[in-house]
Amino acid sequence: MIELILSKNTLNLLLANKILIYKEIRSGGTKLKKHIANAITGSRILCSILMLLFPASSLQFYILYLFCGFSDMIDGTIARKTNSASEFGSRLDSVADFLFVVVSLVKFLPLIHIPKWLWVWIAAIAIIKISHVAWGLIRKKMFMSLHTVMNKITGALLFFLPLTLQFVELKYSSAVVCSMATISAIQEGFLLQREGKGN
């Protein structure tokens, strides 16, 4: 009897929430729209953590991996289209990206052999990128990262790289990604310097 009352109350509560959500959507969904992009970004954080639970070769892992990549592509666009872009959303996106990259490295690095020349190239790109962050912190007193087209192309290539490991030798695919990352990092440096001179 108690279980029946509880389940009826739960059902009524769910129905009431569903009606409220439906009314919100019908009225333009202003309140919901404000949170969609951040909810998508938050789901990337959750899925990145869940990726740790599955082997990197499993279907579950790749579903989570693809979802994380897809969510990264759409959350910013949704934030702009719904006029819900915010400083919090931008920081949440950076945290989600960082966590996704770290988890991906933890899962993929043990599976591949990276030659020394590639480590040196990756280190050089990292030094350039870190110098941009340091420059922003010193000159502007803030974290600066530009979302240029080149950065987005680099991100997309880097995202698809693990999916190509069974078909393309790492030395070829990584050379393409590192070339684009190098050009992107240098371009970002020029843009940051020009922006600094303008202020």
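The values are calculated or read from the model by the stated rules, or taken from the named source; none is laboratory data. Predicted, not measured: the structure shown is a model, and the values here were computed from it. Every residue, glycine among them, receives a Cβ derived from its backbone with ideal geometry; neighbour counts consider all protein chains shown.
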(request) Give the residue, chosen from SER131, SER104, that is farther than 23 Å from ILE36 by Cα, without any contact (Cβ under 8 Å) to a residue 60 or more places away in the chain and over 17 Å from the mean Cα position of the chain (by Cα). (result) SER131
(message) When you check GLY69 against the structure, is it within 8 Å of the chain's Cα centre (by Cα), part of a helix (DSSP H, G or I) and closer than 18 Å to THR148 by Cα, yes or no?
(response) yes
(request) Can you give me the number of residues within the range 107-128 that are free of Cβ contacts under 8 Å to residues at least 24 places away in the same chain and buried (at least 16 other Cβ atoms within 10 Å of the Cβ)? (result) 0
(message) Taking the conditions exactly as written (closer than 19 Å to THR154 by Cα and of a type in the set (Phe, Trp, Tyr)), does PHE67 satisfy them or not?
(response) yes
(message) Testing LEU64 on (1) without any contact (Cβ under 8 Å) to a residue 40 or more places away in the chain; (2) closer than 17 Å to PHE98 by Cβ; (3) surrounded by fewer than 16 Cβ atoms within 10 Å (Cβ to Cβ), one condition comes back false. Which one is that?
(response) (3)
(request) Could you tell me which of the residues PHE159, PHE167 is of a type in the set (Phe, Trp, Tyr) and surrounded by 14 or more Cβ atoms within 10 Å (Cβ to Cβ)? (result) PHE159
(request) Would you check which residues across the range 138-149 are closer than 12 Å to LEU192 by Cα and either modelled with pLDDT of 70 or more or part of a helix (DSSP H, G or I) (or both) and list them? (result) ARG139, LYS140, HIS147, THR148
(message) Looking at the range 70-80 only, could you name the residues that are under 18 Å from PRO162 (Cα atoms) and crowded, with 18+ Cβ neighbours inside 10 Å?
(response) SER71, ASP72
(request) Using the structure shown, decide if ILE114 is closer than 26 Å to SER57 by Cα and outside any helix (DSSP H, G or I). (result) yes
(request) Might you check whether a residue that is surrounded by 14 or more Cβ atoms within 10 Å (Cβ to Cβ), touching a Leu at 6+ places or on another chain (Cβ under 7 Å) and under 20 Å from LEU165 (Cβ atoms) occurs anywhere in the range 81-102? (result) no
